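Below: the structure, in structure tokens.
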2 protein chains.
Amino acid sequence: MTSSGLNIITTLRQMILTGELQAGERLAEIPIAERLHVSRTPIRIAFRALEQEGLLTKLPRRGYEVRSVSAIDIEGAIEVRGVLEGLAARQAAENGLSQQQVDEMKMLLTTGDLLFADAVFTEADVESYHHMNQRFHQLIIEAAKNPAIQAALTRNAHMPFASVNALAIDKNNMQQEAKRFAFAHQQHHHVFHAISAQQGARAEGIMREHAHATLGFDRNYHKLEQRGALTIFSQPL
Amino acid sequence: MTSSGLNIITTLRQMILTGELQAGERLAEIPIAERLHVSRTPIRIAFRALEQEGLLTKLPRRGYEVRSVSAIDIEGAIEVRGVLEGLAARQAAENGLSQQQVDEMKMLLTTGDLLFADAVFTEADVESYHHMNQRFHQLIIEAAKNPAIQAALTRNAHMPFASVNALAIDKNNMQQEAKRFAFAHQQHHHVFHAISAQQGARAEGIMREHAHATLGFDRNYHKLEQRGALTIFSQPL
DNA sequence: CTTCCTTAAATTGGATCCAATAATCAACTT
DNA sequence: AAGTTGATTATTGGATCCAATTTAAGGAAG
């Protein structure tokens, strides 16, 4: 009885995203199969799926390796997410929000506001913000009613985040980071306002810019990464 | 010795795209395996891959089915492609084209021009245009130097085209169709001009609009489809 | 000491076998 | 006659086996 209640693809994806399997690490079927106490069959399927997701790169006759991405790759993926979520925001504005969606968004925005009401911003707050933020973005994508957006995003979502692991924050400088988060959250308010007012073009523009808030703020995240103090969201702020 | 020189995923993808496997058709592993003279293993891998590509939908305990998409899905996917290729055009403009890329694009544009120089526009011309067009778009994506764009597009490329098969043209009305193609080709010229002039925003705008040329021109393609006179490109015009 | 050739190990790809589970159909009971 | 229950079938998921191929290593010869 293997311990995993969930399927192998999910397990492996988590192992990559959490950094348990490091970027550049070479993966062969048999060792991984033994490590997860399953046979090669599900591993083979998982490797191919993860390759399509962009988390693994196939090496001709040497298995797969965890994809490592450059800063350029990350910036490129952020641009892509920007235009996709921008499109989502515009279509959401065009479609209009349901009352239920409006209510939930207001609730999420208030939740975020409260995080910045306190004087201090802790790592626990980052976690809370992350959950709130994730749901907020998901709501807009749902409101766009365009399944192709979600499809394109899933392909991209994890892509840039295989090499680094977790939140794009400098844990040693939380005061500074709090300002970044607060700014990003202001953009949430503006996006919500634009969508509510059916201002599609404006909503799109804000959302595109908002994508850069993920980590484009200052470009020194490479240094942070090397210091091990960096963590990167697999979802935009 | 299996006959297929190419891999199973490609084979199945072609069968779906050409309509040999029809939209809504239910696919079980064993029958398909026998039909392609391979074992279940490669079929299982292929089904999952094709599911991720968006060509197949999984049915809980009943196998897979060829995804059928609605007109709304198609329009949504066109919007997505619009923003992605728009981004590509903008980044291409920002990066600038190499001399080699300029030369090839000019060559492609000339090739297209010649197709419309004749009085008549034949189905063979459509085929020629298709090849030229595909290369033109690919060149812009390459020039963008953003691998995330290509990744997001592959996920989307086939999505809307599982239900219909081939070219988005009304074969019974080639004169009219020729005008559509000619217009789309003019947009190619404009995009090329904007990119060459490093006008990123303009290049992006034209490209976004150009996506609609794929079939958004007149919205009666549903009727055409029902008449069996419709065919849809798996690449934009 | 270096280089080339031969051989063994590693590794993937495909085929088949076995188990688990859900769907379908038929029979039996009320 | 209809509904329910049980059995059979269909179908997927995982494990193991076999073949093909490539890489790596080691030994022999120059």
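Where a Cα-Cα gap under 19 Å defines reach, which aspartates and glutamates qualify for residue B:179, not counting those fewer than 8 residues away within the same chain?
B:113, B:118, B:123, B:125, B:127, B:170, B:209, B:218
Give me the inter-chain shielding for A:139-150: mean count of other chain Cβ atoms within 10 Å, whole number please. All intermediate terms of the calculation are to be shown ahead of the outcome.
Working: counts 0, 0, 0, 0, 0, 2, 2, 7, 9, 16, 7, 2.
That average works out to 4.
Report Rg (one decimal) and Dmax (nearest whole number) for the range A:8-66, counting Cα atoms only, units Å.
10.1, 27
Sort shortest first the distances from residue A:186 to its counterpart in every other copy, using label points 7 Å along the Cα-to-beta-carbon line, and give them in nm.
4.5
Over 29 Å between C-alpha atoms is what I'm after, so list which of B:58/B:145; A:58/B:145; A:58/B:58 land there.
Numbers: B:58/B:145 34 Å; A:58/B:145 21 Å; A:58/B:58 25 Å.
Pairs exceeding the cut-off: B:58/B:145.
Under 17 Å between alpha carbons, and skipping anything fewer than 8 positions from residue A:106 in its own chain: which aspartates and glutamates qualify?
A:142
Note down the Stokes-Einstein diffusion coefficient of the range A:30-107 in µm²/s, whole number, using a Kirkwood radius over alpha carbon pairs, 25 °C, and 0.890 mPa s. Before the final figure, lay out each step's value.
Numbers: Rh = 16.3 Å.
Stokes-Einstein gives a translational diffusion coefficient of 151 µm²/s.
7 Å along Cα→Cβ for the label point: how many nanometres lie between residue A:138 and each equivalent label in the other copies, listed shortest first?
For residue A:138, the other copies' label points sit at 3.8 nm, shortest first.
With Cβ to Cβ distances under 10 Å as the rule, what net charge do the other residues near residue A:116 carry (K, R +1; D, E -1)? Walk me through the intermediate numbers first.
Working: positive: A:179; negative: A:113, A:118, A:125.
Once all neighbours under 10 Å are counted, the net charge is -2.
Placing the label point 7 Å from Cα along the Cα-to-Cβ direction, what are the distances from residue A:201 to the equivalent spots in the other copies, shortest first, in nm to one decimal?
1.1
Only the coordinates and a few stated rules stand behind these numbers; no lab work does. From a predicted model like this one, the values you see are computed outputs, not experimental measurements. For neighbour counting, all protein chains shown are included, and Cβ atoms are generated from backbone atoms with ideal geometry for every residue, glycine included.
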